[in-house]
1. Pairs of alpha-carbon atoms within less than 8 angstrom and 6+ residues apart define the contacts here; what relative contact order does the stretch 24-64 have, in percent?
2. Report the full-extension gain for the segment GLU40 to ASP64: residue separation times 0.36 nm, less the Cα-Cα distance, to one decimal in nm.
Amino acid sequence: MQTGDIQNRQVEPDKLVTPAEAAVALGATVRTLHRWERAERIAAVRLPSGVRGYRQSEIARILDRSEVVQ
């Protein structure tokens, strides 16, 4: 995935992106994403390995609604 994909709305709704890719798309840090997850601002998918993933549709939803507050 290229970092501009989500921002340019080339979204595959169920495709998961890494926390680092999601952070770049949202202009945040990975640590901030974890805080937003605890605050229920963003939904993460936990893989069997315990690693987080974020759906592209979830990132696009946040970008569309401008819910991100630094």
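Please treat every number below as a calculation from the coordinates, not as lab data. Predicted model only: the values in this text are computed from it and were never measured.
1. Numbers: 22 pairs, mean separation 13.0, N = 41.
Answer for the stretch 24-64 is 32 percent.
2. Working: separation 24, 0.36 × 24 = 8.64 nm, distance 1.69 nm.
Using 0.36 nm per residue and subtracting the Cα-Cα distance, I get 6.9 nm.
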